[in-house]
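Worksheet: the structure to be examined is printed underneath.
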Amino acid sequence: MSENSLIKDIFDKVLTKRSLFKDRNVLRSEYIPKNLPFREEQIKTIAQILSPLLKGSRCSNLLLYGKTGTGKTAVTKYVLKALEETANSQNLNLKTVYCNTRIAGTEYRILYELSNYLGLKIPFTGLALKEVSERILNYITSMKFGVIFTLDEIDFLVKNSGDNLLYEFTRANERLKEGSLSLIGISNDLKFKELLDPRVLSSLSEEEMVFPPYTAEELKIILSERAKMAFNNGCIDDVTLNLCAALAASEHGDARRALDLLRVAGEIAEREGALKVEEKHARIAIRKIDEDRMIDALNSLPLHQKLLLLASFGSQGQSHTGEVYLRYVKLCEANSIEPLTSRRVTTLLSELDMLGLVSATTISKGRYGRTKKISPLISFEVVKKVYREDPFLKHIVDS
């Protein structure tokens, strides 16, 4: 069978065969349902904090913490959508803007997205950050906008670019003659505030909220509700739902992971031609998601962190921080890159630890102080396979 015939056969089967899915999009992380179970208290509190905007007053800045998949982004978008609908019905000049700082990548890109949502056109590149900030604030004043700017994964911005931009934002209302700018910061890192200058911290964290993980029972109910919308009748059983909920609950109650497991299990079952999604499909999905997640994590690391990860692979399996740093410096010098300071490298190692790519264990050396033992948590073969696709790193992993 030719490749064209093979592809046509696959597409024809998709078009003619009854799908297991009714609507798979309801299992994606960006889908915001009409009902968010077990987050009523958080919804109510955030709505109360933001409500002064409906009376033309500025609301407090807000920081939301919690591990991945605890509903921070979903709840924020849910409340902001309702707030904007109410404001529109009252002809109020209210704008809600959402930006994921990890996806945006740079401070300039964050400002570009903010200006774009507000309706202000600025060049995609080329202006100084100060100039872009001034244009945005002047525009808010001229339009008399009440603006809520949500910065998701706000810790990524601070770790990679510092907190200068946040300082500009938190001081913005002192320079606005009309309108207002309020911030919502969302972070998975409970220690995020330790990275902030005290001046930024005092202005940014006017209100704070921690989102607790979902329990296994709560995840079962969430999955059951979504499964009714996602799958056709009789296409998934309770055993599979319970397994997905239990696995996600064992990983700090991550609803996003539970939904991903359910969706990928359904896609695997459908590709197999199965009549329903079974437990075996969920177990295959776990392995696939873990592999994909690891590859995504490796690819998304900044260059210095990639080099640091490569430097963590020593001949003995474990290395002291100093040994890793020396190997990292050699990699930088061999590739004409200015190495970071040892202090900055220690921070980057902690982030690799948080991502589950290395283990960074603090050990005592008695009167000689403390150090960290660094051990990679993934095989060098996996790293090699991923970084062979990177033109800059290919020669390093192959050497």
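The values are calculated or read from the model by the stated rules, or taken from the named source; none is laboratory data. Remember, it's a predicted structure, so these values are computed and weren't measured experimentally. Positions of Cβ are backbone-derived with ideal geometry, glycine not excepted, and every protein chain shown enters the neighbour counts.
Output the residues belonging to the range 303-331 that are within 12 Å of LEU393 (Cα to Cα) and either acidic (Asp, Glu) or surrounded by fewer than 18 Cβ atoms within 10 Å (Cβ to Cβ) (or both). Passing the criteria: only LEU303. A single entry from SER180, SER205 fulfils the requirement of being within 21 Å of the chain's Cα centre (by Cα) and more than 25 Å from VAL26 (Cα to Cα): SER205. Before we move on, is ARG226 outside any loop (DSSP other than H, G, I, E, B), touching an Asp or Glu at 6+ places or on another chain (Cβ under 7 Å), surrounded by 15 or more Cβ atoms within 10 Å (Cβ to Cβ) and in contact (Cβ under 8 Å) with a residue 40 or more places away in the chain? No: the conditions fail for ARG226.
Taking every residue in the range 335-363 that is assigned by TED's automatic domain parsing to the domain that holds LEU309 and assigned to a strand (DSSP E or B) and pairing it with any residue that is among the hydrophobic types (A, V, I, L, M, F, W, C) and surrounded by 15 or more Cβ atoms within 10 Å (Cβ to Cβ), at least 6 positions away or on another chain, the pairs with Cβ-Cβ distances below 8 Å are VAL358/LEU309; VAL358/LEU349; VAL358/LEU352; VAL358/ILE374; SER359/ILE374; ALA360/LEU349; ALA360/LEU352; ALA360/ILE374. Residues in the range 366-376 that are touching a Leu at 6+ places or on another chain (Cβ under 8 Å) and modelled with pLDDT of 85 or more: ILE374, PRO376. Of all residues in the range 19-69, how many are modelled with pLDDT under 95, hydroxyl-bearing (Ser, Thr, Tyr) and under 28 Å from TYR167 (Cα atoms)? Residues that pass the stated criteria total 4.
Figure legend. Inter-residue proximity from the range 22-35: first residues not assigned by TED's automatic domain parsing to the domain that holds GLU270 and surrounded by 14 or more Cβ atoms within 10 Å (Cβ to Cβ), second residues among the hydrophobic types (A, V, I, L, M, F, W, C) and not in a helix (DSSP H, G or I), beta-carbon distance below 7 Å, spacing 6+ or different chains. Indicated pairs: LYS22/PHE231.
Going by the structure shown, is LYS121 modelled with pLDDT of 90 or more, assigned to a loop (DSSP other than H, G, I, E, B) and among the charged types (D, E, K, R)? Judged against the criteria, LYS121 is a match. Taken over the range 33-53, the residue count meeting the criterion of being touching a Gly at 6+ places or on another chain (Cβ under 8 Å) and among the basic types (Lys, Arg) is 1. Counting only helices (runs of 4 or more DSSP H) wholly contained in the range 139-208, no element carries 2 or more residues that are over 30 Å from SER300 (Cα atoms) and aliphatic (A, V, I, L, M). Please go through the range 75-107 and give me each residue that is more than 25 Å from MET143 (Cβ to Cβ) and either of a type in the set (Ser, Thr, Tyr) or modelled with pLDDT of 95 or more (or both), ordered by number. Hits for the range 75-107 are VAL75, TYR78, THR106.
Only one of the listed residues (ARG283, ARG257, ARG263) is in a helix (DSSP H, G or I) and out of contact with any helix residue (DSSP H, G or I) (no Cβ under 6 Å at 6 or more places or on another chain). That residue is ARG283.
Could you tell me whether the range 300-308 includes any residue that is more than 18 Å from VAL386 (Cβ to Cβ), in the same structural domain as GLU389 (by TED's automatic domain parsing) and out of contact with any strand residue (DSSP E or B) (no Cβ under 9 Å at 6 or more places or on another chain)? Taking every residue of the range 300-308 in turn, none turns out to be more than 18 Å from VAL386 (Cβ to Cβ), in the same structural domain as GLU389 (by TED's automatic domain parsing) and out of contact with any strand residue (DSSP E or B) (no Cβ under 9 Å at 6 or more places or on another chain).
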